[in-house]
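Here is the structure we will look at, set down as structure tokens.
Each value in this text was obtained by applying a stated rule to the coordinates, not by laboratory testing. Since we're looking at a predicted model, the values are computed, not measured.
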Ligand SMILES: [Zn+2]
């Protein structure tokens, strides 16, 4: 997953390094404050299936990602926590990270 130009610009524009708040040994979502021990990665792209004469579907190809959506979200509230995979991992480990979207 390479960073394209617009993502790099987003990163430079935001410059909002946060450090996650921990409750016990799990970080808390900055939006809903729930404790989470993993982040959901949501990607957009194309999936190809084989449709047989019996009306059954089989996966044909590996998922082919595009660059429209590659979000790192809270599994409880879907808030976009990390701008990049590195940010998401940093969030989970209590290291400074960039938010993927603005907090209200
Ligand atoms: Zn959340």
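Summary table
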{"item": "Dimensionless Rg ratio for segment 16-64, taking C-alpha atoms and the 2.2 N^0.38 Å reference", "result": "2.02"}
{"item": "Size of the chain as Cα extents on the principal axes (Å, biggest first)", "result": "54, 34, 23"}
{"item": "Fluctuation leader among 70, 41, 25 - the chain, Gaussian network, Cα springs under 10 angstrom", "result": "25"}
{"item": "Helix-only CD estimate at 222 nm, as mean residue ellipticity for the chain, using -39500 (n - 2.57) per DSSP H run (n ≥ 4)", "result": "-5000 deg cm²/dmol"}
{"item": "Percent of C-alpha pairs per 5 Å bin, segment 64-104, short to long", "result": "6, 24, 27, 26, 12, 4, 1"}
